Amino acid sequence: MNEPLLSVRNLTVDFATRRGTVHVLDDVSFDVGAGEIVGIIGESGSGKSVTAYSIMGILDHAARICSGEIMFEGRDVLKMHRRERDGWRGREASIIFQNPRTALNPIRAVGDQIADVIARHTPAPAAEIRERTIASLRQVRIPDPERRLRAYPFELSGGLCQRIGIAMALACKPKLLIADEPTTGLDVTTQAVIMDLIQGLVREKGISVALITHDIALASEYCDRLIIMHAGHVVEVAPTAEIIANPRHPYTEKLLRSVPSLVDSIDELQAIDGSLPDLRRRDLPPCRFAERCSRRLAECDAGRLTLELALAAPQPCTLRKGTGPLSTPHLIACKNPL
Amino acid sequence: MSRIGIRLLSTIPTLFGVILVTFLLTRVLPGDPAVFFASNPSMTQADIEAVRTSLGLDRPLIVQFWLYLKALLHGDLGNSLSTGQKVTTEFANRLPASAELTIFAFVIATAVALPLGVIAALRRGSFIDHLSRLIATLGVSMPTFVTGLLLIFFFYFLIGWAPEPIGRLDPFMFEPERVTGLYTVDALLAGDLELFWAALKQMVLPAVTMALFALAPLTRMARASMLETLGSEFIRTARAAGLSRRKIIVTYAFRNAMLPVVTTMGMTFSYMLGANVLVERVFSWPGVGAFAIDSIINLDYAPLQGFMLVMAGIFILVNLTTDILITLIDPRSSL
């Protein structure tokens, strides 16, 4: 098996709040292979974004990484020195955000913002940086890039702003791109254009992607593999086709049933009962889905729950070309799987 | 440029309103200036009436207002009853004194408040943060005349570092040849360093008094604005792009945080003009504020109206300057 590009191991993150400690991530582990597009799926509050911010090192002050490793090309980024990590992010790994407009500095020309990133990681004469800035805008298919350089975010549409965000993220040719709900803030027609653009660019350059979204339909269209998160736990990991056809975790199954495009009639559409447990509780059950689960057993409340190989995977899955023989097993964290 | 012209034109109705209100306000002040002016026990009722007629106070209000307006349009603010001088002459002598003091105090306040607020925001909960909060609390809770008197007590009376608080210059020194009316600037222009130091020393205590008053809003605003900017999404983007801490703080956070601070600076400067009145009294500073107080006490209508009008004019100019500065910083705004 190939060495994965990114390997998150046992990541546990707490948030200190005025009303107690919130256990946001608990023992989260997953891999992202080279050139792979992985979807990290979950409802709001499941810890998707916190996972992304932990990788990038841009967590809020209140957050504390209690334990775990984030291995990137065999090195733990959590153990890097601050300066080293500043040089790492933006060049080796970069991120695009949910609200493209507010994610850009409102009073700095977009060209300058991209140029800042290029100048930071690959210092060069001003003329060359300008050339590379224009090239990065052209690459995300922004028309008339020479003129757009001087535009401010408020003069551009949401879709264009997200293209600027992508241009900025890819300007230094990173190996990993984290896309944190990149299309949630955009209207539906723009969503597909932006996702196609991202997919096209990363496949062409062999960039690995962690696509963070609550939209399992969107993820299933673009991702090689899906990681399902619930309340700070990874509950299921499998290749996309496999997970759609054969979900093993009760939560994944309910998630799939709640997607309009994947069921035959509107009557079959189901909401997931209950809501996420309060992550401040001290008595959180080993399986944080247990309290919403119809398949709960006595043993669900006893002993640690770990992500294990799903036994007796009934159907073999077909992989996309070029993704390599990377970790493709079906993993679940459930004592009474489907 | 034409936009600035339009902005200035649009202030004409405001100015007219100010003229009308100040005119009416001075007329409803209790007391009769004719009686006050003719305050001599030997004066008879007929003498008082004669004074009233000579002052034009016997005519209907509307006529008085019309005459006042007409004079204003000729640049005539009337005469001061108590000094006998033309009000314009009084202002020409006194406004530079107030301006020099206010500007100096404003420069001190800004030079201290901005770094203090920014550092307090960058190092929350540190010594600097607590210091900034202490200064801000003191600044708002201490009236300027109390601060002024305390400073005089310590630095002049006890330690003797500061010169006697008796105005702009030591009485044994000659004022510099008038170019701008600001003694420090004029002294420098004349190449007289000794005079420059003398004028500067006189200014330090009153300026610090006013600066302490202005520090509070500026520091608080700088800190709050910097904190808000540092927590915004585009700072997160900049961090995620690996930009250096210096670049993030200076180019990304500070410039954005300046926007509300510049507005506050404009407002603070205007407030300082008002606070001037008391500080000038305490330090015997021959400025317009002290003159305005004397005018109220003496029921001297013309200088009082003139003072309010000049202050309104300065207010308008300060606001315009603030707006121009904001447009320079923020591409989203226009005049």
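Structure notes:
- Summed side-chain charge close to A:CYS172 - residues other than A:CYS172 whose Cβ falls under 13 Å, Lys, Arg +1, Asp, Glu -1: +4
- Projecting label points 7 angstrom from Cα along Cα→Cβ for A:ARG83 and B:ILE297 puts them 6.5 nm apart.
- For A:VAL235, distant residues with modelled amide H under 5 Å away: A:ILE228, A:MET229, A:HIS230
- Estimated 222 nm signal from helices in chain B, with DSSP H stretches of n ≥ 4 weighted -39500 (n - 2.57), rounded to 500: -23000 deg cm²/dmol
- Rounded if a/c under 1.5, otherwise prolate or oblate - the range A:104-148, Cα gyration tensor axes: oblate
- 3J(HN,Hα) along the range B:214-219, derived from phi through the Karplus expression 6.51 cos²θ - 1.76 cosθ + 1.60 where θ = phi - 60°, amounts to 7, 4, 4, x, 5, 5 Hz, with x in place of Gly and Pro.
- Members of A:LYS175/A:LYS335; A:LYS173/B:LYS247; A:LYS175/A:LYS254 lying beyond 30 Å, as alpha-carbon distances in this model show: A:LYS175/A:LYS335; A:LYS175/A:LYS254
- For B:LEU299, the amide hydrogen comes within under 5 Å of no other amide hydrogen, counting only partners 5 or more places away or on other chains and with H modelled in the peptide plane.
- Within the range A:163-204: backbone nitrogen closer than 11 Å to the A:LEU269 label point (7 Å, Cα to C-beta): none
- Chain lengthening between A:ARG281 and A:ASP76 when straightened (0.36 nm per residue, less Cα-Cα): 70.8 nm
- Computed over the range B:2-73, the P(r) tail beyond 20 angstrom holds 48 percent of alpha carbon pairs.
- Remark: the range B:118-126, residue by residue, has Karplus-estimated 3J(HN,Hα) of 5, 5, 4, 6, 6, 10, 5, x, 7 Hz, where x stands for each Gly or Pro and the curve is 6.51 cos²θ - 1.76 cosθ + 1.60 at θ = phi - 60°.
- Proximal aspartates and glutamates relative to B:LYS86, as straight alpha-carbon distance under 20 Å, when same-chain residues fewer than 8 apart are discounted: B:ASP76, B:ASP294, B:ASP300
- Relative to the globular-protein estimate of 2.2 N^0.38 Å, the Cα radius of gyration of the protein assembly as shown stands at 1.36.
- On Cα atoms only, tilt of B:12-28 relative to the major axis of chain B in degrees: 50 degrees
- Stokes-Einstein, applied to the Kirkwood radius of chain A over Cα pairs at a viscosity of 1.306 mPa s and 10 °C, places its translational diffusion at 76 µm² s⁻¹.
- Between B:ASN93 and A:THR21, the simple spin-label model (points 7 angstrom out along Cα→Cβ) gives 7.4 nm.
- For the range B:144-196, the spherically averaged projection of the C-alpha convex hull amounts to 4.4 nm².
- If R0 equals 35 Å, the separation of the Cβ atoms of B:SER334 and A:THR189 corresponds to a calculated FRET efficiency of about 0.65.
- Extension gain from B:LEU72 to B:PHE153, taking 0.36 nm per residue of separation minus the Cα-Cα distance: 24.8 nm
- Folded to 0 to 90 degrees: helix B:127-141 orientation relative to chain B principal axis, Cα: 20 degrees
- Take the Cβ atoms of A:SER294 and A:GLU43, set R0 to 25 Å, and the FRET efficiency comes out at 0.90.
- Partner chain coverage, peptide B:227-239 - average Cβ within 10 angstrom: 6
- DSSP beta bridge pairing in chain A, given as percent antiparallel to the nearest 5: 60 percent
- With R₀ fixed at 60 Å, the C-beta to C-beta distance from A:ALA302 to B:THR83 puts the FRET efficiency at about 0.05.
- Shielding value for A:108-120 is 3, the average number of Cβ atoms from other chains within 10 Å of each residue's Cβ.
- With neighbour counts taken as other beta-carbon atoms within 10 Å, the residues B:GLU100, A:GLU181, B:GLU49 rank, fewest first, as B:GLU49, A:GLU181, B:GLU100.
- 0 to 90° range, to nearest 10: angle between helix B:288-297 axis and chain B longest Cα axis: 40 degrees
- Between B:LEU131 and B:VAL28, full extension at 0.36 nm per residue minus the direct alpha carbon distance yields a gain of 32.5 nm.
- Highest mean packing first, where packing is the average number of other Cβ atoms within 10 Å per residue, the peptides A:68-80, B:68-80 line up as A:68-80, B:68-80.
- Local net charge near B:ALA187, Cβ-Cβ under 15 Å (Lys/Arg +1, Asp/Glu -1): -4
- Three-way shape call for the range A:125-216 based on the alpha-carbon gyration tensor, with the a/c threshold at 1.5: oblate
- Most fluctuating residue given options A:THR213, A:THR183, A:THR102, as computed from a GNM of chain A linking Cα atoms under 10 Å: A:THR102
- Size descriptors for chain B, from the alpha-carbon set: Rg then Dmax equal 23.9, 87 Å.
Every number here is computed from the coordinates shown, using simple stated rules; none is lab data. These numbers come from a predicted model, not from an experiment. Here the Cβ is made from the backbone with ideal geometry for all residues, glycine too, and neighbour counts use every protein chain on show.
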